[in-house]
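Worksheet: the structure to be examined is printed underneath.
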Amino acid sequence: MSEMTIALAGNPNVGKSVIFNQLTGEKQHVGNWPGKTVEKFEGRLDFLGRRIKITDLPGIYSLSAFSQEEEIARDFIKKQKPDVVIDVADAASLEQSLFLTLQLIELGANVVIALNMVDVAREKGREIDAKKLSKLIGVPVVPTIATHGKGMQQLMIESINAASCKRKTKKTFPKSVSKRYEYIHAIVKKCQRERAVGRTLTERLDDALLHGYSGYAFLAAILLLMFFLIFGLGGITSDYTTQLVEHFRQNIPQEISSHALFIFFWKAVVEGIIAGITIAIPYIVPFYIFLAILEASGYLPRIAFLTDGLMHKISLHGKAFIPMFLGYGCSVPACIGCRIMESEDQRFLTAFLATMVPCAARSVIILGVVGAFLGFEWAMGIYAFNLLIIFMLGLLVSKFVITKPVGLIMNMPSYKMPDIGAIIRHAFLQIKHYVAVAFPIIILSTFVINTLDFFGLLGYLSGFLSPVTVGLLGLPSIVGITLIVGFLRKELALVLLAAVLGTENFGEVLSPLQMVVFTLVSIFYIPCAATIATLAKEFGWKKALIVTVFQIFFAIALGAVALRVLPLLGLLY
């Protein structure tokens, strides 16, 4: 018997991914849709002797193909022709969900409705007669509570029964949007009973969490907590991992560790693996877990709502705030987080700006150079200046990148208790996928740079770069090497700076003006290897190269201007 194929469709935040996890468990695979940056989740299960393949389609509100997600869902259903499309509908917002349902039926899909979150609907005083809804709309309807696994078995039984039936001819519904919603409203009125209830927990929470004052205070607390988890725990994990590696290296017999071939292999290959583990993984893990909790709990749309006004000034919307803030932890999850944006141009602009946010490694340079030798207020000034530059670049670049601004239209789901098991499984799959894609590129770039260093060619590069480092930036010639090595890992620039200058007391060999210039160039120029690999994965090598080249020239230009303007203003010499 051939493998049965099922596609999961539905609006965002209706529990579609929870149903996918309930059905497939550990048997999942994550990749990208061909030619797209949208993730593709597939899983398998065996049920009643049938081998079933399930594809989790992106969350969409319609099949109009206005967004990349809608185009993917529409093309998959039309071209792949899955045996069954399980349409996950929100029982608490049935009218909104049924708009997509009608489009799926019109498309000729073999639809089974999973009427999810019936417990939330009851809390809101809404009781839905699933049998009557099935009769009115002409497809099977199964009530489910995905978070508790209720209704999953019956959902699969109905799906197998539907697959065994001959595909029905396409049905048609009213064409105009207004007439269609009138049609949907009539259906809902016949199958849904409402009773008076008090205000729900979600409504009471929103009174505080979306309030003009308390809402922003709570948002600040959440973002600070996220910052601590990503930056704090990520940094601790990174340091601990580094110590373990160093302990392992110190215990290698000296006759092996001192051998030239071993030194070359360690620097050219092993350090690339170490860099990947200590740069990205410690920050990606808490990022995925925390973001999944925010999404599963229903708070993520509220963050977008609260920050929407600010982000609209640079032709983005509130959801762009999330990945940009995550950039303070690591640029890699910041770029990956841009997937929450609806259009390709918004994703790219958000990622472009997020790569300029000082990550944890660049914060080491800010605090280790400017903060340590010029004072904390100068370090905070660097952070403030960075935000100003990012905002100004956003205003400028958005005029060329954003071809069609997209407003923030999203459903405010009810608050829910996250499924921790599903969140951990999701994080594991994401990390596994990242390692497979990014690590080869990180290792290759490490190999190239350390090979140049091993054969003494970095010194020639330093001389080659002296017209820039000395002529334009007013820095010692040898500092050019630190900027090259900073490509691997930004804080390595600081470590190597101490090595090439022969001291950790930078105040002895660099003027305050040179410290600021070096710091500005370091935080704005070329992203690290892990970030470039992620940009290439998300947007292709062409756009990754554009971002890289722009940031190199922009950082040099900014440093050159700072070298000449700050003395004129009497701030530094």
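The values are calculated or read from the model by the stated rules, or taken from the named source; none is laboratory data. Because the structure is a prediction, the values reported are computed rather than measured. All Cβ positions, glycine included, derive from the backbone under ideal geometry; neighbour counts span all protein chains shown. Surface areas here come from the heavy atoms of the whole protein model, side chains and all, with no ligands, DNA or RNA. Shrake-Rupley method; radii C 1.70, N 1.55, O 1.52, S 1.80 Å.
Quick notes on this structure:
- Average accessible area per residue (Å²) across the chain - probe 1.4 Å, nucleic acids and ligands excluded: 45 Å²
- For the chain, complete DSSP H runs whose alpha carbons reach 30 Å or more along their own long axis and whose mean Kyte-Doolittle score is 0.5 or higher are 376-401, 420-454, 541-568.
- Take every pair of alpha-carbon atoms less than 8 Å apart whose residues are at least six positions apart; their mean separation over the length of segment 79-231 yields a relative contact order of 25 percent.
- Value at 222 nm in deg cm²/dmol, rounded to 500, when DSSP H runs of n ≥ 4 in the chain each add -39,500 (n - 2.57): -18000 deg cm²/dmol
- Remark: for residue pairs LYS79/LYS537; LYS135/LYS319; LYS40/LYS179; LYS81/LYS175; LYS399/LYS542, the C-alpha separation exceeds 31 Å in LYS135/LYS319; LYS40/LYS179.
- Working ranking of peptides 312-324, 176-188 by packing, defined as the average number of other Cβ atoms within 10 Å per residue, highest first, is 312-324, 176-188.
- Of all accessible heavy-atom area on the chain, the percent that carbon and sulfur account for (1.4 Å): 65 percent
- Under a model in which nothing but the beta-carbon of Lys, Arg (+1) and Asp, Glu (-1) is charged, segment 214-568 shows a dipole of about 840 debye around its Cα centre.
- Most positive-pole-ward Cα, GLY232, LEU497, VAL285, against dipole of the chain from beta carbon charges: VAL285
- Protection proxy ranking for 138-145, 353-360, using the average of other Cβ atoms within 10 Å per residue and placing the highest first: 353-360, 138-145.
- Part-to-part distance (alpha-carbon centres) for segment 267-341 and segment 73-99, which is given in Å: 28 Å
- Relative contact order (percent, whole number), the chain, Cα cutoff 8 Å, 6+ residue spacing: 12 percent
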